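Following: one structure in structure tokens, then a few remarks.
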Amino acid sequence: QVTLVESGGGLVQPGGSLRLSCAASRGVFSRTTMGWYRQAPGKQRESVAIITNGGSTNYADSVKGRFTISRDNAKSTMYLQMNSLKPEDTAVYYCNAVFDSSKVSYWGQGTQVTVSS
């Protein structure tokens, strides 16, 4: 059973910061590429940031220089540090895990991030 649980969302003013966390069930982290995705109302889900098991990262152009993805394999937890937030960052943010061998994908339930004054 694979579970992913996001936390850390909320309401923040433009220019502010939030840190999202994704806690994965035991045994998931060592075999997966992890990522953060987001979906704004009326829009398709989009990739925000990806981090491989080896620590390589990839970011959407819209968040480069503002967001940082990281993972703590010992804690089976992934993070997304979001700085200089903009209203257009408002969305439900989802944690994703893809097993490197089977390519099976799992999703968390999502956490709402709202950037508004």
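The values are calculated or read from the model by the stated rules, or taken from the named source; none is laboratory data. Fair warning: this is a prediction, and the values are worked out from it, not measured in the lab. Cβ atoms come from the backbone with ideal geometry, glycine included; neighbour counts cover every protein chain shown. Protein only, heavy atoms only, side chains kept; ligands, DNA and RNA dropped before computing areas. Shrake-Rupley method; radii C 1.70, N 1.55, O 1.52, S 1.80 Å.
Looking at the chain, send over the antiparallel percent of its DSSP beta bridges, to the nearest 5.
Values: 38 of 41 bridges.
Around 95 percent antiparallel, to the nearest 5.
May I ask you to give the solvent-accessible area per residue for the chain, in square angstrom, as obtained with a 1.4 angstrom probe?
On the way: 6100 Å² over 117 residues.
On a per-residue basis, 52 Å².
Rounded to a whole number of µm²/s, how large is the Stokes-Einstein D of the chain at 4 °C and 1.567 mPa s, given Rh as the Kirkwood radius over C-alpha pairs? Spell out each step's value before the answer.
On the way: Rh = 14.1 Å.
Approximately 92 µm²/s, per Stokes-Einstein.
Could you tell me the largest-minus-smallest coordinate of the C-alpha atoms of region 15-83 on each of the three principal axes, in descending order and whole angstroms?
34, 24, 19
Which percent of the accessible heavy-atom area of region 1-60 goes to carbon and sulfur, probe 1.4 angstrom? Write out the running numbers ahead of the final one.
Numbers: 1490 of 3270 Å².
That fraction is 46 percent.
With θ set to phi - 60° and the Karplus curve 6.51 cos²θ - 1.76 cosθ + 1.60, what are the ³J(HN,Hα) couplings of region 29-43 in order, to the nearest whole Hz, using x for Gly and Pro?
For region 29-43, the Karplus-derived couplings read 4, 6, 10, 9, 8, 10, x, 10, 10, 9, 9, 8, x, x, 10 Hz, x marking Gly and Pro.
Run the dipole for the chain about the Cα centre, Lys and Arg Cβ at +1, Asp and Glu Cβ at -1, nothing else charged, and hand back the magnitude in debye, nearest 20.
Numbers: 12 positive and 7 negative charges, 28 e Å.
Computed about the Cα centre, the dipole is about 140 debye.
So what are region 52-113's ellipsoid semi-axes, whole angstrom, largest first, if each one is the square root of 5 times an eigenvalue of the alpha-carbon gyration tensor? Numbers along the way, then the final one.
Values: eigenvalues 96, 42, 27 Å².
Its equivalent ellipsoid spans semi-axes of 22, 14, 12 Å.
Starting at the first residue of region 10-27, write each ³J(HN,Hα) from the Karplus equation 6.51 cos²θ - 1.76 cosθ + 1.60 with θ = phi - 60°, in whole Hz, x for Gly and Pro.
Taking θ as phi minus 60°, the curve returns x, 9, 9, 6, x, x, x, 10, 9, 10, 8, 10, 10, 9, 9, 5, 4, x Hz for region 10-27.
Could you sort the peptides 48-56, 9-17 by per-residue average Cβ neighbour count (10 Å cutoff), highest mean leading?
Details: 48-56: 15.7, 9-17: 13.3.
Ranking, from highest mean packing down: 48-56, 9-17.
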